[in-house]
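See structure below.
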Amino acid sequence: VKLFDFLFHKSGPMEGQPRGYCFVNFHTKEEAGRVIHCLNGKLALSKKLVVHWAHAQVKSLSPSLLLSHPLTLSFPLSPIQSRSATICAMEAKLQMMEENPDGEEIPGPLSLH
């Protein structure tokens, strides 16, 4: 593990409490891939871990980017919105895979939920 970055609430009634996810950087892409494979879906403290590649946030949003890239919100979504967000994320991943046909993962930090 190269870097372990926990996120905490900055204000409000939960200030200082963990937000429920973190980012982990590894020395190599292969090491990160093994961790994704081994930890995704495992239980930790009676909660199921979700481990996947994290992607850089888009800095400037043009109308075309708004249609093709889902945004991550930091508050709980309703089941309908959550399903919609999941579909958007899957579509974005498929588009990224189409744009990168050699099948090589794009390096980046992992996101642990």
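Details
- Leu7 vs. criteria at pLDDT below 90 and touching a Lys or Arg at 6+ places or on another chain (Cβ under 8 Å): yes
- Residue within the range 64-85 that is modelled with pLDDT under 90, surrounded by 13 or more Cβ atoms within 10 Å (Cβ to Cβ), assigned to a helix (DSSP H, G or I) and under 15 Å from the mean Cα position of the chain (by Cα) present: yes
- Among the strands (runs of 3 or more DSSP E) confined to the range 1-61, the ones with at least 3 residues that are under 22 Å from Met90 (Cα atoms) are located at 18-25, 51-53.
- Complete set of residues in the range 17-40 that are within 17 Å of Lys2 (Cβ to Cβ) and small (Gly, Ala, Ser): Ala32, Gly33
- Against the list (1) modelled with pLDDT of 85 or more; (2) surrounded by 10 or more Cβ atoms within 10 Å (Cβ to Cβ), the condition Leu45 fails is (2).
The values are calculated or read from the model by the stated rules, or taken from the named source; none is laboratory data. Keep in mind the model is a prediction, meaning the values are calculated, not measured. Every residue, glycine among them, receives a Cβ derived from its backbone with ideal geometry; neighbour counts consider all protein chains shown.
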